[in-house]
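Chemist: Below you'll find the structure I mean.
The values are calculated or read from the model by the stated rules, or taken from the named source; none is laboratory data. Nothing here was measured: the structure is a model prediction, and the numbers come from that model. For neighbour counting, all protein chains shown are included, and Cβ atoms are generated from backbone atoms with ideal geometry for every residue, glycine included. These accessible areas exclude ligands, DNA and RNA; they are computed on the full protein's heavy atoms, side chains included. Shrake-Rupley method; radii C 1.70, N 1.55, O 1.52, S 1.80 Å.
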Amino acid sequence: MKYWGMFLYVVSLVVQLASILLVLHLFRKVRFYKVAYLCLVLALSLMMFERVEPLIECCVFGSFNTFHVLISGFVSMFLLMGVLGVREIILLAEKQKDKLEKISRTDYLTGVASRFEIEERIESEFQRSFRAGHSTSLCMIDIDHFKNVNDVYGHPVGDRVLRGLTDICRITLREIDVIGRVGGEEFLVMLPETDADEAFKVAERLRLEVANHVCAQAEAGEVRIQISIGVSTFSPECRSDLSAHQLMREYVRRADEAMYKAKQAGRNQTQCWN
């Protein structure tokens, strides 16, 4: 009976030790609720020490309380099962969090950056522009008469047109350039280390590439589109008391305003904000 009691106490201690190690693993991996994890580790550690004294008595004197050792085993087992359950819940929550973060940063239809992502990238680039002393340009792109595409061909073809446009942008632009979808048929392009003259040339090249390529196939035939582009250029020489976020908002507004000038001037053209 002595060895039976010792065996049960040791099993109880091992199970609680496993629970502590699991909680410590979560403490290291998960960024939130660390105080709660620390309290749980301390509680489990104290419970372990509470099991050590009966184990020593059993080893030295050969006496143990059967009821106590059985309860200790069940409590330790339930604690381990509870910690395993909590671990699965937390790891699942972390995966969902990462998935949601990815969704928030990527446009679900076209695969380009979301509005949130590109605006954040522009802020960072403006800060880098201040440090490095180079210009950064923005291009606001809008598809001309896109409503007609949806009305004539249907929304599925309209979706293919949007994806086709982003494909042309990826091929035409540099790897360091960033394109994001900021509205239904509106896209915003960031051109790092690009001044106003270069940005206008890039915008015109992109506009012509779009006009000369098929963006989508429909039962009725090929679908071609035209775009209007507005350009604004941020230069670190223009000192401002505005924050990077405020500057981003201002220069996006300027690019948007220039794009509407292109619309008013007849569409299928590029206008720069003055």
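Chemist: Based on this model, can you work out whether A262 counts as of a type in the set (A, V, I, L, M, F, W, C), surrounded by fewer than 19 Cβ atoms within 10 Å (Cβ to Cβ) and more than 32 Å from the chain's Cα centre (by Cα)?
Modeler: Working: of a type in the set (A, V, I, L, M, F, W, C): yes; surrounded by fewer than 19 Cβ atoms within 10 Å (Cβ to Cβ): no; more than 32 Å from the chain's Cα centre (by Cα): yes.
The answer is no for A262.
Chemist: Check T172 against each of (1) surrounded by fewer than 19 Cβ atoms within 10 Å (Cβ to Cβ); (2) more than 17 Å from V231 (Cα to Cα) and name the one condition it does not meet.
Modeler: (2)
Chemist: Taking into account only those residues within the range 231-255 that are surrounded by 14 or more Cβ atoms within 10 Å (Cβ to Cβ) and more than 25 Å from the chain's Cα centre (by Cα), which is modelled with the lowest pLDDT?
Modeler: P236
Chemist: Given the conditions (1) part of a helix (DSSP H, G or I); (2) under 24 Å from the mean Cα position of the chain (by Cα); (3) within 13 Å of S137 (Cβ to Cβ), and given that M190 satisfies all but one, which numbered condition is not satisfied?
Modeler: (1)
Chemist: Could you tell me which numbered condition I56 fails, if it satisfies all but one of (1) at pLDDT below 70; (2) open to solvent by less than 50 Å² (accessible area, probe 1.4 Å); (3) of a type outside the set (G, A, S)?
Modeler: Of the numbered conditions (1) at pLDDT below 70; (2) open to solvent by less than 50 Å² (accessible area, probe 1.4 Å); (3) of a type outside the set (G, A, S), the odd one out for I56 is (2).
Chemist: Just checking, does the range 114-130 include any residue being assigned to a loop (DSSP other than H, G, I, E, B) and touching a residue at least 60 places away in the same chain (Cβ under 8 Å)?
Modeler: Narrowing the range 114-130 to residues assigned to a loop (DSSP other than H, G, I, E, B): 114.
Next cut, touching a residue at least 60 places away in the same chain (Cβ under 8 Å) only: 114.
Checked against the condition, which is being assigned to a loop (DSSP other than H, G, I, E, B) and touching a residue at least 60 places away in the same chain (Cβ under 8 Å), the range 114-130 yields at least one hit.
Chemist: If you take the residues of the range 71-112 that are among the polar types (S, T, N, Q) and modelled with pLDDT of 75 or more, which of them is most open to solvent (accessible area, probe 1.4 Å)?
Modeler: Step one: list which residues in the range 71-112 are among the polar types (S, T, N, Q), which gives 72, 76, 96, 104, 106, 110.
From what's left, modelled with pLDDT of 75 or more: 106, 110.
Values: T106: 54, T110: 13 Å².
The residue in question is T106.
Chemist: If you don't mind, another one. Working only within the range 174-187, note down all residues that are over 16 Å from F200 (Cα atoms), assigned to a loop (DSSP other than H, G, I, E, B) and not aliphatic (A, V, I, L, M).
Modeler: E175, G183, G184, E185 - these are the residues of the range 174-187 that are over 16 Å from F200 (Cα atoms), assigned to a loop (DSSP other than H, G, I, E, B) and not aliphatic (A, V, I, L, M).
Chemist: Then there's this: All but one of (1) in contact with a helix residue (DSSP H, G or I) (Cβ under 9 Å, 6 or more places away or on another chain); (2) among the aliphatic types (A, V, I, L, M); (3) modelled with pLDDT under 70 hold for L46; which doesn't?
Modeler: For L46, the exception is condition (1).
Chemist: Look through E209, E198, E204, E186 and report the one residue that is open to solvent by 60 Å² or more (accessible area, probe 1.4 Å), under 30 Å from C238 (Cβ atoms) and at pLDDT 95 or above.
Modeler: Numbers: E209 fails: under 30 Å from C238 (Cβ atoms); E204 fails: open to solvent by 60 Å² or more (accessible area, probe 1.4 Å); E186 fails: open to solvent by 60 Å² or more (accessible area, probe 1.4 Å).
Sole residue among the options that is open to solvent by 60 Å² or more (accessible area, probe 1.4 Å), under 30 Å from C238 (Cβ atoms) and at pLDDT 95 or above: E198.
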